[in-house]
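Written out below as structure tokens is the structure these notes cover.
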Amino acid sequence: MHDEAQRLAELAGKTMYERDPASRALGMTLDEIRPGFARMSMRVREDMLNGHGTCHGGYIFMLADSAFAFACNSHNFNTVGAGCTIDYLAPGQAGDLLVAEAAEQALAGKTGIYDVAVRTQDGKLLALFRGKSHRIAGQVVDLMR
């Protein structure tokens, strides 16, 4: 059963990534996915810097939000964000490889809670994100086709 759930998570992740021009345009990669978990990364480009010369918080948020989306859709049920919070702890710099790890904390009925930690390539913690998911109709990959 574990292997089947993992294969389904990988298929859902691959399908979502192909349908996600926003994440791809920012250079995000889906590095790992398993049921209830996703790791994504993104290199901070010069055009992602704010007026202080550090990574704009919106880009850090987008990476965390994308990892959250992949984690909560890894069960192959269409799932959307219902709310989230983010705390910024340190700035990202040009050239940093940001890594977001999203992990399912709870899943009951149609609602889930996911925590995402965004770190640099050196492990420095930049942000903590918590998202609440809501399952909607349908599947990411229609297995009946």
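Bear in mind that the values in this text are calculations on the coordinates, not laboratory data. These figures come from a predicted structure and were not determined experimentally. Neighbour counts are summed over all protein chains in view; Cβ atoms, including those assigned to glycine, are modelled from backbone coordinates with ideal geometry.
Go ahead and run the numbers for FRET between residue 80 and residue 29, Cβ-Cβ distance against an R0 of 25 Å, rounding to 0.05. It would help to have the intermediate numbers written out before the result.
Working: r = 22 Å, r/R0 = 0.89.
For R0 = 25 Å, the calculated efficiency reads 0.65.
Provide the net charge surrounding residue 77, with neighbours chosen by a C-beta distance below 10 Å and charges set as Lys +1, Arg +1, Asp -1, Glu -1. Don't jump to the answer; show the numbers that get you there.
On the way: positive: 110, 135; negative: none.
It works out to a net charge of +2.
Just the number: Rg to Rh for the chain, Cα atoms, Kirkwood Rh, two decimals.
Working: Rg = 15.1 Å, Rh = 15.3 Å.
Over the Cα atoms of the chain, Rg/Rh equals 0.99.
Near residue 100, within a Cβ-to-Cβ distance under 12 Å, what is the net charge of the other residues, with Lys and Arg +1 and Asp and Glu -1?
-3
Add -39500 (n - 2.57) for each DSSP H run of 4 or more in the chain, then divide by its residues: what number comes out at 222 nm, to the nearest 500 deg cm²/dmol? Could the numbers behind the result be given before it?
Numbers: 3 runs with 38 residues, N = 145.
-8500 deg cm²/dmol, from helical runs alone.
Which is farthest toward the positive dipole end of the chain among 127, 82, 54, measuring Cα position about the Cα centre, with Cβ charges +1 (Lys, Arg) and -1 (Asp, Glu)?
82
Under 15 Å from the Cβ of residue 24, count the other residues' Cβ atoms, weight Lys and Arg +1, Asp and Glu -1, and hand me the total.
Values: positive: 14, 19, 43, 45; negative: 18, 20, 31, 65.
Once positives and negatives cancel, what remains is 0.
In what sequence do 135, 7 fall when counting other Cβ within 10 Å, fewest first? All intermediate terms of the calculation are to be shown ahead of the outcome.
On the way: 135 18, 7 10.
By the 10 Å Cβ count, ascending, the order reads 7, 135.
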